[in-house]
Structure formats: structure tokens, C-alpha cells
Amino acid sequence: MKRTILFVLLVSLIVAACGGEEPAAEPAPAVDVQATVDAAVAATATAEAQLQEAIDTAVDEAVSEAVDEAVAETLEATAAAAPPPEEAQTMTEEELAALIEQSVNEAVAATETYAEASEQAAADDTVTAEEVETIELYVYGAEEAIALTEELIDIYYALYGDLTYAVVDDLDALVAELDELNQNLAAMVVVLEEINTTLEAGLALAEETVVQLEEAAMNAALNAAATQAQSQQWQQMVQTEVANRAASLGAYQAQTVAASRQEAVNQVGAYLTTVQTAFEDETLSYAEFQTIAQSSADAIAGLQAQGGPQLQNLATTIESVTQQFAGGQMQAAFGSLNELSALLANIPDVPSVPAVGFSAPSLPGLGGRP
């Protein structure tokens, strides 16, 4: 019996010992704090880079759009400011010369702008597609401004090309400078086309191509400065020549003075015929101007001697017409001629002289420079 009790107690102790032990807890994994920080920093840097790229893209697009709009507005303003050939025809010689100088200034400014844009693009030894697009816009503006200048010069040649050779010589020199501007434009276009082809193919620009862009820009800038200088010289020559022609009228003295009232009226008719003959070819040469000036001196002297008070308004009108021719005021001169013709035809008690109608010469085919 005792043995049985001892056996039960021993088994109970063993079971209690085994059942009372709790399992050991597994250790928690160690946290890598540095790796977590590095990951957070990397994520932040990536987000900042993406944000900066988005900002840069937006800025580039905004700048490109602003440049495009600015160039377009400049071109539109230039075109709007340019009068049509018919309006330019009505200008005086000095007004037309001033308009040509203004147009030259715009062509020079456009050339300098595309040259500067090219130099800036090449400064980092590479050129982007956006930079090429901007340069092309400025090149187009220069082309338009030069074309307008050439058209105005053709009008000047048509109206005043035969009137004074000194002015035309300087104008020929200006045309030569404009031709060189066009040649520089053509060279720039070739370089830009080569750059576009390379960029579209995904290739890197050759150093030689970038150098060509810089050289084209430098040549354009130098030529622009020479063009502006020649334009200013020609403008001064026009002003001097117009003043000299006006001053020369005082040197013309009457060679034939009318001996009667009818002879005085006949001289007025002869003056009108002289002008009409001079403009049969739609232009006025300096020799024809001299003939008109002499006929004017004769007619004015005859009217002053034989016309009496009634005909002195004819003398005043003839003097005004001749001064207008000397000043290159063609439109005003032809208006005064029609007034003179009408006055002459309506003089009472004087044998009539057939009225002659006058209109400003029409522009011959433009582009026909001497």
C-alpha cells in the first residue's frame, strides 16, 4: 500500500514539473534604422527630382510659347506698319527714304536677334531642338524685314532712280549689303537644317556643326552693323541731294521773256507740255528736271512781265510745282499741275490752251533695279 502511494506521488511530481514549464519566447528581430532613413531620403530625392523636372518642363514650355508669341507679334507689327506699294508711291522722296531706313533698322534688329540667339545656344557647345525652333523664328522675321526693305527700295528706284546718280550709288551699296544679309540667312538656314536632322536622329551634334552655327551668327552680326551704317549714309545723302536740288532753282534765269500777254500764256502751255513729255516714261531724270526748271523760269518771267495781276496766280503755281519736283514731292506736284491746267483753261479773254490732265507715274514692274 505504501509503495502504491509513493508511486502516485512520484508520477504527480513529474507531471507537475513537466506541465508547469512555459515555452521560451522567440527574440524580436533587430530594426535596421539606417536602412530606413536611407530609403526615406532616396524616396524624397526621387520625388524632388520628378517635381523639378515637371517645373523645368513647364517653364521651358512657357518660355518657348512666350518667345513664339513675341516673335509672331513682332512680325505682325512689322507687316502692319508696312504701307502697300500704292501708299509708298504717294510719299515724298524724303518720306520714302525715311521709311526705307526704318525698314532697314528692323531688318538689322531681326538679324542681330537671331545672331545673338545662335551665340547663346552654342555657348554650352550643344544646341537643343527648342533653341533651334527659336532661332528659326527670328530668322523668318529677318527674312520678312529684308524682303520688305527690298520692295521699298524698288519703289524708290522706280520713282527717283534717274533723278540723281550720287544717291543711287549709295543706294546700290545698301542693296549690296542687303544681298549679303540674305546670303548669311541662307547659310544659317543650312546649319539649322543640319542640326535638326542630327537631333531628330537622336545623335550628338558634332563640334564642327556648333562652330558653323557660331560663325554664321558672327558673320550675320558684322553684316548687320555694316548694313545699318550704309543705310544711315544713304539717308544723309538723300537729304543733302534734295536740299541741293531746291537750292539750284535760284540759278535758273529766264532765257526767253514773253513780249505779250498771249506769249506769256503760251509759255505756261509750253511748261505743261515739258512736264508731260518728261514723264512719258513714268520717271524723271536729272536732265529732264533741268529742262523743267528752265521752262519754269521762262514762264514765270513772262507772266510777271506781261500777265498783269490776273495771271500772277499762274506764276505762283508754276513756281510751287517746280519746287515740289525739286523736293521729290511728286504726288503734290501732279496735284498742282492739274490745278494749273484748270486755271489756264478758265482764263477769260485769252485764247485757250488745251487743258492737260496729269497723274502721278504708275510704278513699273518692281524689281527692275538699274
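The values are calculated or read from the model by the stated rules, or taken from the named source; none is laboratory data. A quick note: this is a predicted structure, and the numbers were derived from the prediction, not measured. For neighbour counting, all protein chains shown are included, and Cβ atoms are generated from backbone atoms with ideal geometry for every residue, glycine included.
General observations
- Remark: pairs (first residue in segment 121-143, of a type in the set (Gly, Ala, Ser); second residue surrounded by fewer than 22 Cβ atoms within 10 Å (Cβ to Cβ) and at pLDDT below 90; Cβ separation under 7 Å; 6+ apart in sequence or on different chains) = Gly141/Val71; Gly141/Thr74; Gly141/Leu75.
- A Cβ distance below 8 Å, combined with a sequence gap of six or more or placement on separate chains, defines the contacts here; from segment 331-350, residues that are outside the structural domain of Val321 (by TED's automatic domain parsing) reach residues that are surrounded by 18 or more Cβ atoms within 10 Å (Cβ to Cβ) and basic (Lys, Arg) in the pairs Val350/Arg261.
- Here Ala166 does not qualify as surrounded by fewer than 21 Cβ atoms within 10 Å (Cβ to Cβ), within 30 Å of Ala243 (Cα to Cα) and at pLDDT 95 or above.
- Filter result for Phe334 (part of a helix (DSSP H, G or I), within 14 Å of Leu159 (Cβ to Cβ), at pLDDT below 95 and touching a Phe, Trp or Tyr at 6+ places or on another chain (Cβ under 9 Å)): yes
- Flag for Glu130 being surrounded by fewer than 20 Cβ atoms within 10 Å (Cβ to Cβ), at pLDDT 90 or above, assigned to a helix (DSSP H, G or I) and touching a Ser or Thr at 6+ places or on another chain (Cβ under 6 Å): yes
- Residue check for Ala201: farther than 23 Å from Gln120 by Cβ and surrounded by fewer than 17 Cβ atoms within 10 Å (Cβ to Cβ): yes
- Out of Leu311, Leu272, Leu284, one residue alone is of a type outside the set (S, T, N, Q) and not in a helix (DSSP H, G or I). It is Leu284.
- Residues in segment 245-290 that are surrounded by 15 or more Cβ atoms within 10 Å (Cβ to Cβ) and polar (S, T, N, Q): Thr256, Asn266, Gln267, Thr274, Thr283, Ser285.
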